[in-house]
Structures are given as structure tokens and as C-alpha cells.
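In what follows, a single structure is set out as C-alpha cells and then discussed.
Read-outs: derived from the displayed coordinates by stated rules, not from any lab. Only a predicted model underlies this, so the values are computations on that prediction, with no experimental measurement involved. Glycine gets a Cβ as well: all are built from the backbone with ideal geometry, and neighbour counts include every protein chain shown.
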Amino acid sequence: MTWQPELDELAKREALAKRMGGEDKVKRQHDAGRLTIRERVNLLLDQGSLHEIGIIAGKAAYDEHNDLVDLMPSNSFLARGLINGRPVVVAGDDFTVRGGSADATIKEKNLMAEHMALELRIPIIRIIEGSGGGGSVKTIETKGRANLPGGVGQSTRYDLISDNMGTVPTGWSRNQGCP
């Protein structure tokens, strides 16, 4: 027995996910003078230390034979790596998938990042390129309301962020152009 078919399928899914939101969205990011999340994280972390977590989380499309034909990854990025040899957690928005909007993300990836940093007592770096202001226009359209500023009353994620701010070093970054 061999695991090669499963490994090949996983490699296919990872390749689809690494396309991010597609060539046109990556081009839009570059044309605006900004790097993609993966480009930014690769510059931030020590070379070769990036370990992305949950890369294939997203929405898959299958054909009539139930074979995978496409995968749109989550707009939430999660990884571990090293900076100057020290371990860190990195969480961020993939603006090529969906403008950094929390209403389209897989929130468990963000929760996992916060839990990981807290439990391992290692720094977390949040690379944010979101809509700001507590919610996007899409949230208002789909839910009839905006999110409360700071996420008040929404989930334990904000409790974790608060706990982390008092326990582990945290860093925030907004994509203000290429470094």
C-alpha cells in the first residue's frame, strides 16, 4: 500500500490554494504597490522557516465524478516561522481572496493563531489589510448590520487577543506598500 495518491491530491490542493485569489487579483495587489500576504511573510521570516497552517482551508469545487476542479482558499493566512532564529506565529489577511473582510474568513484559523501564541508563549504578528471600522459593506449587505468595533460581544477571539496582549509580544502591521 502506498500513500502516493493522497500525497498527490494534497499537493494539487496546495498548488490551487497558492494561486490565492487568482492572477488578476495578485496583479491588482502589485499594481497598487502592495505585496501579497505570502510575499510579505516570506520577507518577514527567516529564509526556509515558513510553515503555513491550513493552506487548503477554503471552498472547493468538484466535477460530476467528485474530483476536485478548483479551490478558493480562505482569506485568512496562518503560519509559524522564525525571525532571527526565534519562533513566531503570523496571522494575516489575504487581500487577493476577499479584501481582508472578516465576514468571509474561516474564523477558526484566526482563533488557532491566537491559541497557538498563547499556549506556546511565543510572539504573534498580525498582518492586517482589512476594511477597518468594525465591519465591511458586505457584512451590512448580508447581515443587515455592521460588526461592533473591536468585536465586542462577537466571539472569544477578541478575548484571546486581549489575553495575548498581556501575555505574549504582539505586533500589528498594515500593508502600506512594498517594503
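Couplings 3J(HN,Hα) for the stretch 82-93, derived from phi with the Karplus relation 6.51 cos²θ - 1.76 cosθ + 1.60 (θ = phi - 60°), are 10, 10, 6, x, 9, x, 9, 9, 10, 10, x, 9 Hz, where x marks Gly and Pro. Database remark: amide H of ALA57 closer than 5 angstrom to the amide H of SER74 (H placed geometrically; neighbours at sequence offset of 5 or more, or on other chains; Pro and chain starts carry no H). Taking the fewest neighbouring Cβ atoms within 10 Å as the starting point, the ordered list for VAL90, VAL69 is VAL69, VAL90. Shown for SER74, SER49: other C-beta atoms within 10 Å of each C-beta, ranked fewest to most, produce the order SER49, SER74. Across the stretch 7-16, coupling constants 3J(HN,Hα) worked out from phi with the 6.51/-1.76/1.60 Karplus curve, θ = phi - 60°, read 5, 5, 5, 4, 4, 4, 5, 5, 4, 5 Hz, and Gly and Pro carry x. Sequence-ordered 3J(HN,Hα) estimates for the stretch 68-76 from the Karplus curve with 6.51, -1.76 and 1.60 and θ = phi - 60° stand at 5, 10, 7, 8, 9, x, 4, 7, 9 Hz, glycine and proline given as x.
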